[in-house]
């Protein structure tokens, strides 16, 4: 099977993202391995989503292009949450709100159109679920802009759920997306739910860590500075879970 260069880059980065994402999920938060896996995951997922957007538009697969754009949005805003100190905002947060707000309006419009045409599902999931997630992201972006930043546990929670959803999107593009395309007979030997289990399995750790961050004393409120830096310095003590993962 022949793959063009951009497809090979997309698949290679996706596989690296899957492996590093799993490592970031299941290693101790704040450890050297977790931070390294998180940085590798971020680079791989940005590459995967970026090439996905390019190939989607180039091949007329608008749905894939939109999925890639939304993944980029989640990853960039999730990263921005921990790159900034508490109570800081900038052009990224305002642009994120404008983007997510516009995307939510468009998503609900297309969801209504899909229901009327009898195609209310995308990959077995109702379109309104995706539209609601985008709307929630827009509301939270608006809250960050209005409050002039985000503080404490909410900042870590913002990072966690956006990075996890970005990872779930990547897993979902392979299970069953690419896997089914490469092996079209797979559904004949594997139950439908098995192919969809991996992306939903990512959501379990997401809710677990959100509960830990928001409802326990795990987060150290003394950590007020940037929790992850481009230079690769260690996170402040007690804030280990804030690195990309």
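Every number here is computed from the coordinates shown, using simple stated rules; none is lab data. The structure presented is a predicted model; accordingly, all values stated were derived computationally and were not measured. So basically every Cβ, Gly included, is an ideal-geometry build from the backbone, and we count neighbours across all protein chains shown.
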Say R0 is 35 Å: what FRET efficiency, to the nearest 0.05, do residue 216 and residue 15 get from their beta-carbon distance?
0.55
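If you take the beta carbon distance between residue 91 and residue 43 as r and set R0 to 25 Å, what does 1/(1 + (r/R0)^6) give as a FRET efficiency, to the nearest 0.05?
Working from the Cβ atoms, E equals 0.65.
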Could you sort the peptides 87-98, 130-141 by per-residue average Cβ neighbour count (10 Å cutoff), highest mean leading?
130-141, 87-98
Can you give me the distance in nm between label points at residue 208 and residue 33, each placed 7 Å from the Cα along the Cα-to-Cβ direction?
1.5
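Starting from the Cα-Cα distance between residue 129 and residue 115, subtract it from 0.36 nm times their residue separation and give me the gain in nm to one decimal. All intermediate terms of the calculation are to be shown ahead of the outcome.
Working: separation 14, 0.36 × 14 = 5.04 nm, distance 1.26 nm.
Value of the extension gain: 3.8 nm.
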What Kirkwood hydrodynamic radius, in Å, does region 7-143 give when the mean of 1/r is taken over all pairs of distinct Cα atoms and then inverted?
16.5
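Does region 9-74 come out rounded, prolate or oblate by the C-alpha gyration tensor, with a ≥ b ≥ c the root eigenvalues, rounded set by a/c under 1.5 and, if not, prolate when a/b is larger than b/c and oblate if not?
Since a/c reaches 1.5 and a/b is larger than b/c, the shape of region 9-74 is classed as prolate.
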Once the Cβ-Cβ distance between residue 58 and residue 26 is put in as r, and R0 is 35 Å, what FRET efficiency do you end up with, to the nearest 0.05?
0.45
